[in-house]
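Read-outs throughout are calculated quantities, based only on the coordinates presented, and are distinct from any laboratory measurement. A quick note: this is a predicted structure, and the numbers were derived from the prediction, not measured. When we count neighbours, we look across all protein chains shown, and the Cβ atoms used for this are built from the backbone with ideal geometry, even at glycine.
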Amino acid sequence: MGEMEQLRKEAESLKDEITAARKAVNDASLQDTVSGTAVVGRVQLKTRKTLRGHLAKIYAMHWSTDSKLCVSASQDGKLIVWDSHTTNKVNAIPLKSSWVMTCAYAPSGNMVACGGLDNMCSIYNLKAKDGNVKVMRELAAHTGYLSCCRFLSDSEIITSSGDCTCVLWDIETGTQKTVFAGHLGDCMSLAVSPDFKTFISGACDSTAKLWDIREGQCRQTFGGHESDINAIAFFPNGNAVITGSDDATCKLYDLRADQELITYQDSSIMCGVTSIAPSLSGRLILAGYDDFNCNIWDSLKSERVGVLAGHDNRVSCIGVTADGMACCTGSWDSFLKIWN
Amino acid sequence: MSSNSNLTSMRRIVEQLKFEANVERIKVSQAAAELQQYCLQNASKDALLVGVPTGSNPFRDPRSCALL
């Protein structure tokens, strides 16, 4: 037997080993465990603010850690930093490339980043001494579109790309520190763990991968989705991951049990999930869909307990504030809405 | 040569699978119970779940009062 054939057999046997090991700890379902808990009552959130100003589809939004400011990116070629309490625009940043697909707010509030079909991640300094917001760094090395980016700090950022890799960058030097390779399809989304030690990525190969940031290693791979994973987020305690996919379902994977615990689906939902965010306690999962709505799921009971209906086009992005007070939806209808 | 790079890729895939196979796993019952516990313990702080009193909602303008 050639080495290639031997390796193929070894790979298959390892995959079987993983399946068996997951089954061995599968002693009870999440449904069994929560059978004594009642479903959450109907959740009815109202639009409190509408952020108007973009002139084209909004592709991404991200809250600042202060739970007040947020940044949005639109294919009108602008990044807008909003004060969500007053609806005032704090900054309107014109972009070199209007084909933006993602944006991020640094935890410090000092910077924002964005990227898209230009294959680059551009970092903007919001606190320049002369008051003008300008490009601080252009991180270029990806050979595919930038689908998502998240700051670890003012000096490091992680990006995911259509070139199937994720990269950890040193912002000072503009260089790649670590390349996270392993996905077999475009990486669509990423999320950093609450302790900043790991991150998860969702890709068009229908899998989610958990990566150790410092070791540069993929620790775990989660399958089960039948199509592209478009959105991914950590459960607030960092021990589970929620995903949203083109297969019209969301899933919750527990990291320590190394397997899927629950699928959030309904036969009446036939369109893809574009965005996902947990509420502060993790009990609610808010997911944006291609059918212009956002569904609110009881994460433990897997029942739909609410709907955010108010956009006239696809909900492309969603985010819950760090203090859990509100959620923001961004849409192809060019508006952002704040709900609570 | 492409056959060499295929071999290298395959070796890497097998190494990665070995690593993932060796992950320590806890029982689903324990994982599920801890997820539930986290949700229940933090429920009261979850504004989207329990609601926000109008007066303390930063996204709602306070109603004006009529002074008699």
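A few comments on the model shown:
- Complete set of residues in the stretch A:14-37 that are in a helix (DSSP H, G or I), among the β-branched types (Val, Ile, Thr) and at the interface with chain B (Cβ under 8 Å from one of its Cβ atoms): A:Ile18, A:Thr33
- Filtered by the rule that a residue be basic (Lys, Arg) and within 15 Å of A:Ser267 (Cα to Cα), the stretch A:283-304 gives a lone residue, A:Arg304.
- Matching residues in the stretch A:249-275 - criterion: being buried (at least 20 other Cβ atoms within 10 Å of the Cβ) and in a loop (DSSP other than H, G, I, E, B): A:Thr249, A:Leu255, A:Ala257, A:Asp258, A:Gly272
- Residues that are crowded, with 19+ Cβ neighbours inside 10 Å and among the hydroxyl-bearing types (Ser, Thr, Tyr), drawn from the stretch A:46-60: A:Tyr59
- Note on the stretch B:26-50: residues that are more than 8 Å from every other protein chain (Cβ to nearest Cβ) and either part of a loop (DSSP other than H, G, I, E, B) or more than 22 Å from A:Thr33 (Cβ to Cβ) (or both) amount to 1.
- Those residues of the stretch B:4-19 which are farther than 16 Å from A:Leu14 by Cα, within 9 Å of chain A (Cβ to nearest Cβ) and among the polar types (S, T, N, Q), in sequence order: B:Asn6
- All told, A:Ile58 falls short of being over 15 Å from A:Ile338 (Cα atoms), among the hydrophobic types (A, V, I, L, M, F, W, C) and within 27 Å of the chain's Cα centre (by Cα).
- Test: residue in the stretch A:304-312 that is of a type outside the set (D, E, K, R) and under 23 Å from A:Phe222 (Cβ atoms): no
- Flag for A:Val135 being in a strand (DSSP E or B) and closer than 17 Å to A:Thr65 by Cα: no
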